[in-house]
Amino acid sequence: MTEFKICGLRTLEDALAAADAGASFLGFVFVPGVRRQIDEALASEIIQEIKRRTGSGGPRIVGLFANQAMSEVNRIISKCGLDFAQLCGDEPPDYWDQVEAWVIKMLKVADDGPKEKLVAGLRKHIEDAMSRMHLCLLDKHTAGALGGAGKSFDWSIAAEIAKNYRIILAGGLTPKNVHEAISKAGPWGVDVSTGVETDGVKDIDKIMAFGNNVRAVGVA
């Protein structure tokens, strides 16, 4: 089954719903000044309770960062018990190597040029990350935004990459289109935040529907 991550969590209720929906990863945003930023102390409380309730087989915990001081990133990793750090900025490979957790490197896809050139560039970045045993997440490049701002990119680009590499697909996914996205792109995992919100707030019904539709791929 395709793995999936529910990102931008800010309450215990929503995190538990994501775990109940079958999410393999729960994402918490620690980037200063963005809408979904969560306080470290609150995140630590939520994560401790999630781990208490789900045990060692529960979802992996992901913290999102962007161009932050390494000391800050590693302090939050330790304080909150993060399994992964998702790096959403311009962090170079020597930065990844200093992170005291597994790394998910976000690659921003600007799909307005020749596809062959775009795919070749992505392959280079992905090979750099995989040589260090890290994962890559593909999201749409949106000027001035941390991620894709709820917008999708050409899934055929992801499909070319997914033929050879284990990737996480993000950008514009919703309960309604995730089945199609997985069928067309064939990613190892998918990631959603905006697509399971209503009026900017996580919607438990949408979280559950997203999980159900991920599991439905490939089912006769």
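Any read-out appearing in this document is the output of simple, stated calculations on the displayed coordinates, not a laboratory observation. Because the structure is a prediction, the values reported are computed rather than measured. Cβ atoms come from the backbone with ideal geometry, glycine included; neighbour counts cover every protein chain shown.
List of remarks:
- Segment 153-188, subset part of a helix (DSSP H, G or I) and touching a Lys or Arg at 6+ places or on another chain (Cβ under 9 Å), residue surrounded by the most Cβ atoms within 10 Å (Cβ to Cβ): Ala158
- Test: Ile126 is touching a helix residue (DSSP H, G or I) at 6+ places or on another chain (Cβ under 7 Å) and more than 22 Å from Ser152 (Cα to Cα): no
Here is a yes/no grid of residues against (1) in contact with a helix residue (DSSP H, G or I) (Cβ under 6 Å, 6 or more places away or on another chain); (2) in contact (Cβ under 8 Å) with a residue 24 or more places away in the chain; (3) under 18 Å from Gly195 (Cβ atoms):
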| site | (1), (2), (3) |
| --- | --- |
| Lys5 | no, yes, yes |
| Leu12 | yes, yes, no |
| Gly22 | yes, yes, yes |
| Leu42 | no, yes, no |
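- Of all residues in segment 51-91 being under 21 Å from Gly189 (Cβ atoms) and of a type in the set (D, E, K, R), the one that is nearest to the chain's Cα centre (by Cα): Arg60
- Test result for Gly27, touching a residue at least 60 places away in the same chain (Cβ under 8 Å), in contact with an Asp or Glu (Cβ under 8 Å, 6 or more places away or on another chain) and of a type in the set (Gly, Ala, Ser): yes
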